[in-house]
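Worksheet: one structure, shown below.
The values are calculated or read from the model by the stated rules, or taken from the named source; none is laboratory data. Remember, predicted model here, so these are calculated numbers, not experimental data. Cβ coordinates were reconstructed from backbone atoms using ideal geometry, including for glycine residues, and neighbour counts include every protein chain displayed. To get the accessible areas, we keep the full protein, side chains included, count just its heavy atoms, and leave off ligands, DNA and RNA. Shrake-Rupley method; radii C 1.70, N 1.55, O 1.52, S 1.80 Å.
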Amino acid sequence: MHWADVAAQALAHKSDTHVVSTGITPSGEFHIGHLREILTGDMIARAAKDAGLSVDFVFIIDSADPLRKVYDFLGPEYEQFVGHQLGAIPAPKSDGNPDWERFQNEGWTYANHFLEPFLKALEEIGVRPRLIDNLESYRSGRFAELSKIACDRADDIREAIERISSRELPDGWFPWSPLNSRGGLDKVRVTGYEFPLVHWEDEYGESGSSDITKGEGKLPWRIDWPAKWAWIGVTCEAFGKDHGAAGGSYSTGREIVQLLGHEPPHPLVYEWISLKGQGAMSSSAGNTIGPIEALRLVPPEILRLLVAKSKPNKAIEFDTGMGLVTLADEFERLAARDFQHELTNEELSRRQKVQIEDAAGAMKMATVVSGQKAEATAVTFRHLALLAQTKKNDSDVWTSLQASGALEEITPQLQDRLTRMRYWIQSEHFPNEMRIDILTEPNTTILETLDEVERRILNSLMMTLKTCEWNASAIGASIPQSAKDLDESPRSAFKVAYAAMMGTEKGPRLAPILAEMDREEILRLLEACVQVIEK
RNA sequence: GGGCCUGUAGCUCAGUCAGGUAGAGCGUCGGACUUUUAAUCCGAUGGUCGCGGGUUCGAACCCCGUCAGGCCCGCCA
């Protein structure tokens, strides 16, 4: 059974209606690590719906969280906002400094700025959660009742956190962080509490009172999370492994939520996604790839497959080079299979059966539209990469595919793939071993491996190419002809041609590539090859 | 110090919850295709299941220990 179905089954045992929740703090650019958070939730929700449960899938935008520090991508003017809530401060302009104008005129915040492209990516990838803005929820009083319980039971909560996380909370700790005189959550001390007011003093010498029913502050993270479970009625949440450790925020949260009068949600811990060869995704380290960037390279269903096929507790290495080719080709193979039919085979071992079911489950989760069957495009990534490099116009690509019988009609899906492929080829991510490179200098090493016959073919090849018409079909005929003239197998002509022009033993179909190149350059290269051999 | 996760074929991983002959894909190698889609098809190759004990008729799987990597126990999501 697919991992999402396993989770759905666990939910089904508890109740018929569920709220599956996800949440992200919009503190900087979103990256594909965040995509795992939301896709994991989406897949559980989808599996639960398929199992006949009624499911509400929510995405909580943690806009009430404070800005931690002036990140590298921010200008020095952000110093004044450290400790201020992300949904209450202006967005950075391209120079990194605050965009006051949009903030004042449109209420465009820091949180909006980073969230917007992520929401676009979600739409493209087929994830449509109900959005909940955390700061807005505080301000409109939806946390009021729970905040009151938390403040009333400050001692119990304090005890729970100290016991479970085995750390001591400072004197004067209180389960409510009031906003200080400058609108930040830092540098402030609680001096008293009488519902609904929390009294405070800050380091600027000011004092005041924070109304917990009006969002004049927030619950600290370890209480904020369970409070959200309680007011939204969350029954299932997937979260990163950082929260999952013993003593971490889930273990304190599951106890605190009971103090708040609600049962803890079904947990599912997931591992990080890292960029191959660059370690964990981290906004501050600058080694991120955003969901938007990823989607320009990879079709959404393939990105979904990456998450769907990996069990949540497995770390994913996102490889934008050869790994992407392998992944995309795996998608094609899986899409072409008929799992239902395969499962009718009586002789399958339990192990083989599980493997087929998991593959089927992963593909079900990979489709952008739930319930739709994934369609094989009949063109592998490898092949498309080749065509995209040799044909400058899209129409030539389609002509070639249709001529070879690989393809009948050009679907929008295929056009879309080609567009992404062209973008990928231009990007730094495209792997060198996939790049088609015609040599400019002879590759001496490989030329030395050619035997006597093959050397004669090289001469013959040069003569033929000198005189033939310079188009793909004429060149295509000339290469084998150069061997036939010497009563040799056409095959050996290709071997020679690859050795001379690409320095490899085999390669892509040469004729269309040569046709796009300058004949004189090719002839010069062949000439140089002949000279190397004759030495 | 305490805890969680991971370790199985060259690579990516399934299989561990319910112990019963070590699995898949990729790769590699060989063959077929008398113009090659680095294509396709066919075949082969491949593992002391991190290591050491224990329980059992039987252990990748359960138990104990141990090694290696990652993460958490900082109002950090």
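Summary of computed values
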{"item": "Any chance A:Thr40 is under 28 Å from A:Ala315 (Cα atoms) and open to solvent by 20 Å² or more (accessible area, probe 1.4 Å)", "result": "no"}
{"item": "All positions within region A:326-355 that are more than 9 Å from RNA strand B (Cβ to nearest atom), acidic (Asp, Glu) and open to solvent by less than 80 Å² (accessible area, probe 1.4 Å)", "result": "A:Glu342"}
{"item": "Residue match in region A:61-72 (condition: over 29 Å from A:Pro226 (Cβ atoms) and open to solvent by 10 Å² or more (accessible area, probe 1.4 Å))", "result": "yes"}
{"item": "Residue in region A:498-520 that is more than 30 Å from A:Glu293 (Cβ to Cβ), part of a helix (DSSP H, G or I) and more than 14 Å from RNA strand B (Cβ to nearest atom) present", "result": "yes"}
{"item": "Meets criteria (away from RNA strand B (no atom under 14 Å from the Cβ) and closer than 30 Å to A:Ala362 by Cα) for A:Ala51", "result": "yes"}
{"item": "Answer from A:Gly172, A:Gly184, A:Gly215, A:Gly205 - the residue that is at positive phi and either within 15 Å of RNA strand B (Cβ to nearest atom) or modelled with pLDDT of 95 or more (or both)", "result": "A:Gly172"}
{"item": "Those residues of region A:214-234 which are outside any helix (DSSP H, G or I) and either open to solvent by 40 Å² or more (accessible area, probe 1.4 Å) or among the acidic types (Asp, Glu) (or both), in sequence order", "result": "A:Lys214, A:Glu216"}
{"item": "All positions within region A:191-206 that are more than 44 Å from the chain's Cα centre (by Cα), among the aromatic types (Phe, Trp, Tyr) and open to solvent by 70 Å² or more (accessible area, probe 1.4 Å)", "result": "A:Phe195"}
{"item": "Wholly within region A:381-470, helices (runs of 4 or more DSSP H) carrying at least 2 residues that are within 12 Å of RNA strand B (Cβ to nearest atom) and of a type in the set (A, V, I, L, M, F, W, C)", "result": "A:381-390, A:394-403"}
{"item": "Identity of the residue in region A:235-271, more than 11 Å from RNA strand B (Cβ to nearest atom) and small (Gly, Ala, Ser), that ends up surrounded by the most Cβ atoms within 10 Å (Cβ to Cβ)", "result": "A:Ala238"}
{"item": "Number of the exception - A:Pro490 against (1) open to solvent by 40 Å² or more (accessible area, probe 1.4 Å); (2) closer than 27 Å to A:Asn393 by Cα; (3) in contact with a Lys or Arg (Cβ under 8 Å, 6 or more places away or on another chain)", "result": "(2)"}
{"item": "Identity of the residue in region A:1-37, near RNA strand B (Cβ under 9 Å from one of its atoms) and assigned to a strand (DSSP E or B), that ends up most open to solvent (accessible area, probe 1.4 Å)", "result": "A:Gly23"}
